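Input: a single structure, listed below in structure tokens.
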Ligand SMILES: Nc1ncnc2c1ncn2[C@@H]1O[C@H](COP(=O)(O)OP(=O)(O)OP(=O)(O)O)[C@@H](O)[C@H]1O
Ligand SMILES: [Mg+2]
């Protein structure tokens, strides 16, 4: 059985197609990353999949249940942390967890046990008595994510849960999630942070303007699109003729910055680099620094989104 099975799902707001003919499937026990620029349709997709808003079109099955016909049945089995902050200002951290457990009908002893564990896991012990309104943004976000784990679920939707978290808290959360996945949880996760997606996700979908551009594992995205390397050359002295010297080299894209920096993108980086070095040498141009790095997932993402925009 698929945890999420979506066919031709769309959501329009007037003339805006926030989600446009989405097709996706997520297998149990996986972390599915949903990446895209601002306004791409990530949060709208999460609201559709968690039955918070109805689709304009399409079919949607969550944990084998028809989510359009039986939204309540779905909501009992899933967890969701939305992008907007949500908290009761005057409740303390521990009371927030406790109240959430009560809402989900978790028996008292079990509730206390889970609360204590979550306070530890999310590094909230020292601030357990503090009121939500007095917390920092990152602390509040941690409470918002932690309380979702007061109840049992098979599938969890997280909409940019690490926004506002410091690097340590971010890594803690990612590792906490990884452990939960080992015990059988399935996660649908949106983020802008590519390194985070690479660390956590088994599969990544890149979405732009309501449409999925590509779905793949982080590794195969990198092999498919990441043959390209970025070469950076810093010249010892400014040279404004360099642009014309290098203009004839094939199979690459060259940018020049302030007369001293040359940035080259190419899938044939070794060959291109040899040619560039020869030209520099022939013209007695000295190099101060040179580096060649594989294009990372972030650059692949930017490239794909830009190409998608220029296709339209
Ligand atoms: N309730 C609404 N009414 C009208 N337009 C909406 C509504 N909700 C979303 N939209 C529009 O739908 C598009 C997708 O928005 P959505 O919030 O899903 O993007 P997102 O990918 O989550 O962006 P971000 O990275 O900024 O969170 C945007 O153009 C947005 O303005
Ligand atoms: Mg969003």
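Condition check for residue 35 on (1) farther than 26 Å from residue 182 by Cβ; (2) within 12 Å of ligand 1 (Cβ to nearest atom); (3) at pLDDT below 95: one failure, at (1).
When 181, 125 are checked against the criterion of being at pLDDT 95 or above and touching a helix residue (DSSP H, G or I) at 6+ places or on another chain (Cβ under 8 Å), a single residue qualifies: 125.
Of the helices (runs of 4 or more DSSP H) that lie entirely inside segment 1-108, those containing 2 or more residues that are within 16 Å of ligand 2 (Cβ to nearest atom), touching a strand residue (DSSP E or B) at 6+ places or on another chain (Cβ under 8 Å) and in contact (Cβ under 8 Å) with a residue 24 or more places away in the chain span 42-49.
Looking at this structure, is residue 253 over 23 Å from residue 33 (Cα atoms), surrounded by fewer than 14 Cβ atoms within 10 Å (Cβ to Cβ) and not assigned by TED's automatic domain parsing to the domain that holds residue 163? Criteria met by residue 253. I'm checking my understanding of the structure. Among residues of segment 235-253 that are outside any loop (DSSP other than H, G, I, E, B) and touching a strand residue (DSSP E or B) at 6+ places or on another chain (Cβ under 9 Å), which one is modelled with the highest pLDDT? Ranking the candidates gives 235 first. Screening the candidates 207, 193, 163 for the property of being over 30 Å from residue 73 (Cβ atoms) and more than 9 Å from the chain's Cα centre (by Cα) yields one hit, 163. Selection of segment 113-126 for residues being surrounded by fewer than 19 Cβ atoms within 10 Å (Cβ to Cβ) and in contact (Cβ under 8 Å) with a residue 12 or more places away in the chain yields 121, 123.
For the subset of segment 190-212 comprising residues that are away from ligand 1 (no atom under 13 Å from the Cβ) and in a strand (DSSP E or B), which member is surrounded by the fewest Cβ atoms within 10 Å (Cβ to Cβ)? It comes out as 203. Determine if segment 159-173 includes at least one residue that is surrounded by 20 or more Cβ atoms within 10 Å (Cβ to Cβ), in a helix (DSSP H, G or I) and touching a residue at least 24 places away in the same chain (Cβ under 8 Å). Scanning segment 159-173, I find at least one residue that is surrounded by 20 or more Cβ atoms within 10 Å (Cβ to Cβ), in a helix (DSSP H, G or I) and touching a residue at least 24 places away in the same chain (Cβ under 8 Å), so the answer is yes. Residues of segment 138-158 include at least one that is within 16 Å of ligand 1 (Cβ to nearest atom) and more than 13 Å from residue 87 (Cβ to Cβ).
For segment 280-312, filtering for residues that are surrounded by 15 or more Cβ atoms within 10 Å (Cβ to Cβ), in a helix (DSSP H, G or I) and modelled with pLDDT of 90 or more leaves 1.
Given the structure, is residue 218 in contact (Cβ under 8 Å) with a residue 60 or more places away in the chain and away from ligand 2 (no atom under 16 Å from the Cβ)?
yes
Each row is one residue, and each column tells you yes or no for (1) at pLDDT 95 or above; (2) crowded, with 22+ Cβ neighbours inside 10 Å; (3) more than 12 Å from residue 208 (Cα to Cα).
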site: 5; (1), (2), (3): yes, no, yes
site: 10; (1), (2), (3): yes, no, yes
site: 22; (1), (2), (3): yes, yes, no
site: 27; (1), (2), (3): yes, no, yes
site: 40; (1), (2), (3): no, yes, no
site: 49; (1), (2), (3): yes, yes, yes
site: 61; (1), (2), (3): yes, no, yes
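The values are calculated or read from the model by the stated rules, or taken from the named source; none is laboratory data. What you are looking at is a predicted structure, and each value in this text was computed from that prediction instead of being measured. Methodologically, a virtual Cβ is constructed for each residue, glycine included, from the backbone with ideal geometry; neighbour enumeration extends over all protein chains shown.
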